[in-house]
Amino acid sequence: MLGAAEGGGWLFWRVIACGRRSGDTKRQVILFILCICVCQSGAETLRYSLPEEMERDSFVANIAKDLGVPLSQLAARKARVVSEGNEQLFRLNQNTGVLTAKESLDREEICPQSDTCMLVFKIFFENPLQLIRGEVEVRDVNDNSPVFPEKEMVLEILETASPGSRFPLESAQDKDVGINGLQNYSLGPNPHFSLAIRTAKDGVKYLELVLQRQLDREEQGELNLLLTATDGGSPPRSGTAQIRIVVLDANDNIPVFERETYEVRLPENSPLEQLVVRVSAADPDEGSNGKVRYTFTQTSERSRQLFQLNPTTGEIRLKGKLDFEEAKSHKMVVKATDGGGLSAHCEVQVEVLDVNDNAPEIALTSLTASIPEDAPPRTVVALFSVRDRDSGDNGRTECSIDGDLPFSLTPTFDNYYELRTNAPLDRERTAEYNITITATDWGTKRLSSQESIFVQISDVNDNPPEFTQDVYTMSVTENNSPMLRIGGVSATDPDKGNNARVSYALVRQEGKEQPEISVNAENGDVYILRPLDYEKVRALEVTVRAADGGSPPLSAQAVLRVVVRDENDNAPVLL
């Protein structure tokens, strides 16, 4: 198991919080600075390797050690690992920093048609946001033996066949790759045949049985040979098949194909039963010796599932759904055999053409569900990726936001986008946003998908209370009862929660006696504390303050004027 962090550049997020005090108001201004350092010597990628078939929870790497991140930061910054695709293959322990495989990895199942098996993952940190790309190569182990399509191959060969005649055989298949894959064939000892192995440009080995000594049906009408396929593992694995040779009477003409290679181009959305190609071989012999039948040989199981060959007409039709994203081409070998057992073969190559049949996929990686209304422009709200499994323009995507909203999208790298604010926010005007992101590909018939992100705007104390009147005038008749309610004052605050909770109080004036007035702190009701005497006090005037519950609190003031009305409570006095 090997771990390395290649490249000298890293992606860092730094968060700087600055506080500024102005008068009674203390405001917190949060500035997000994105620092991207890219080293010219390579990409910022962690690379590891792991042999397949390891037990679940097997050790892959110590991420904290390789990144130089303290263990305390892993949990604090909610570090997690995300694999590409729908299945999550790895697990990151935030307490130890160790990356493990969640399940036993089978290279042949994960990467069935690839010599190298590379799994891509990303490590995400929050507070601040940070993304590290990683790769794990799943190394092949020799856990599969070569297997022949059939345990017994039957060849019908004329007794007049000349020494040096060649007869194609079915090749074995080995799911392993490299040195663990199929390496060699051997034929059991016999007096008539030897084995010829031909290696094509793509590395596939083709087998031919070569006649060394002429057959005599009257001497021996049937021969049985043992064919063995061996891989290069340590220790090596092998598979066997029986070759049964049926010696026939003379048939002196072999079938001849019109072409050695048939090349076809087929869109991946072609309907079932569509004619792919018609192969044709002629045999000038008469009777059954001139009647040709067609079969697949040296053709993979997947190609046999997708294509159907008519043994009489040579027509090849589509019987399974093509998928350009699965395989871009298919190769088949067709064998034409006459009634006398002579055969020839041709190659059919089908190139699969991509069509725009996959809509973009949006995967949300990180989301800040609530942001303060005083967040500065360019604040990061969410991080997401877009993936389209098509190729070319069909797989090229673009993203947009529906509606006129104070948000914008910023491409980062590797098909990742950041959702940022691009204008000041005001919770009192809009308290929440439902942001619809649309990803569209560039195909001729454009496909798209959408993802909705719900963002709430949290309140900050940016609005002072506001009285309904600048001056409140109330009246009371003299000789009133103690604690008499004569009215009330009212103020509102458009903020939320404690920032909108208003309390009332009289503004004390130094050097003056406490007035005979009281204001309820919660509801603003005004009370006269003691009986008043018109002949002594005809009017009272105080200042009322309304303050919210913010930190620091904001306040407003209004004037409260109380007029004392006279009543006939004094008899005339004779001077």
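Tallying residues that are among the basic types (Lys, Arg) and out of contact with any Lys or Arg (no Cβ under 7 Å at 6 or more places or on another chain) within segment 130-158 yields 2. Checked against the criterion of being charged (D, E, K, R) and more than 30 Å from Val380 (Cα to Cα), segment 83-103 contains one or more residues that satisfy it. Applying the criterion of being part of a strand (DSSP E or B) and among the small types (Gly, Ala, Ser) to the residues of segment 180-222, the residue that is most open to solvent (accessible area, probe 1.4 Å) is Ser186. Taken across segment 392-404, residues that are hydrophobic (A, V, I, L, M, F, W, C) and assigned to a loop (DSSP other than H, G, I, E, B) do not occur at all. Could you tell me which residue of segment 146-179 is modelled with the lowest pLDDT, considering only residues that are more than 30 Å from Gln220 (Cβ to Cβ), surrounded by fewer than 19 Cβ atoms within 10 Å (Cβ to Cβ) and not β-branched (Val, Ile, Thr)? Top of the filtered list is Gly178. Scanning segment 483-519 for residues that are under 21 Å from Val564 (Cβ atoms), part of a loop (DSSP other than H, G, I, E, B) and open to solvent by 50 Å² or more (accessible area, probe 1.4 Å) yields Met483, Gln509, Lys512, Glu513, Gln514, Glu516. In segment 519-546, the residues that are under 19 Å from Gln469 (Cβ atoms) reach residues that are charged (D, E, K, R) with C-beta atoms within less than 6 angstrom, at least six apart or across chains, in these pairs: Asp525/Arg485; Tyr527/Arg485; Glu541/Arg561. Residue count for segment 75-88 under the criterion of being in contact with a Leu (Cβ under 7 Å, 6 or more places away or on another chain), more than 20 Å from Arg389 (Cα to Cα) and not β-branched (Val, Ile, Thr): the result is 2.
Look through Ala327, Ala382, Ala359 and report the one residue that is closer than 30 Å to Glu273 by Cβ, open to solvent by less than 30 Å² (accessible area, probe 1.4 Å) and out of contact with any Gly (no Cβ under 9 Å at 6 or more places or on another chain).
Ala327
Residues that are more than 21 Å from Val82 (Cβ to Cβ) and either at pLDDT 85 or above or in a loop (DSSP other than H, G, I, E, B) (or both) within segment 108-131 comprise Pro112, Gln113, Ser114, Asp115, Thr116, listed in sequence order. If you check Asp216 against the conditions, is it of a type outside the set (S, T, N, Q), at pLDDT below 90 and under 41 Å from the mean Cα position of the chain (by Cα)? It is false that Asp216 is of a type outside the set (S, T, N, Q), at pLDDT below 90 and under 41 Å from the mean Cα position of the chain (by Cα). In segment 406-434, the residues that are without any contact (Cβ under 8 Å) to a residue 24 or more places away in the chain and in a loop (DSSP other than H, G, I, E, B) form no Cβ pair under 6 Å with any partner that is hydroxyl-bearing (Ser, Thr, Tyr) and exposed (fewer than 15 other Cβ atoms within 10 Å of the Cβ), whether six or more places apart or across chains. From the list Gly181, Gly233, Gly221, Gly188, the lone residue that is touching a helix residue (DSSP H, G or I) at 6+ places or on another chain (Cβ under 8 Å) and in contact (Cβ under 8 Å) with a residue 12 or more places away in the chain is Gly233. One residue stands out among those in segment 276-322 that are in contact with a Gly (Cβ under 7 Å, 6 or more places away or on another chain) and within 15 Å of Val334 (Cβ to Cβ): the one that is most open to solvent (accessible area, probe 1.4 Å), which is Arg278.
The values are calculated or read from the model by the stated rules, or taken from the named source; none is laboratory data. Computed from a predicted model, the values in this text were never measured in an experiment. As a convention, Cβ positions derive from the backbone with ideal geometry for all residues, glycine included, and neighbour counts pool all protein chains shown. Please note that ligands, DNA and RNA were not included when accessible areas were found on the heavy atoms of the full protein model with its side chains. Shrake-Rupley method; radii C 1.70, N 1.55, O 1.52, S 1.80 Å.
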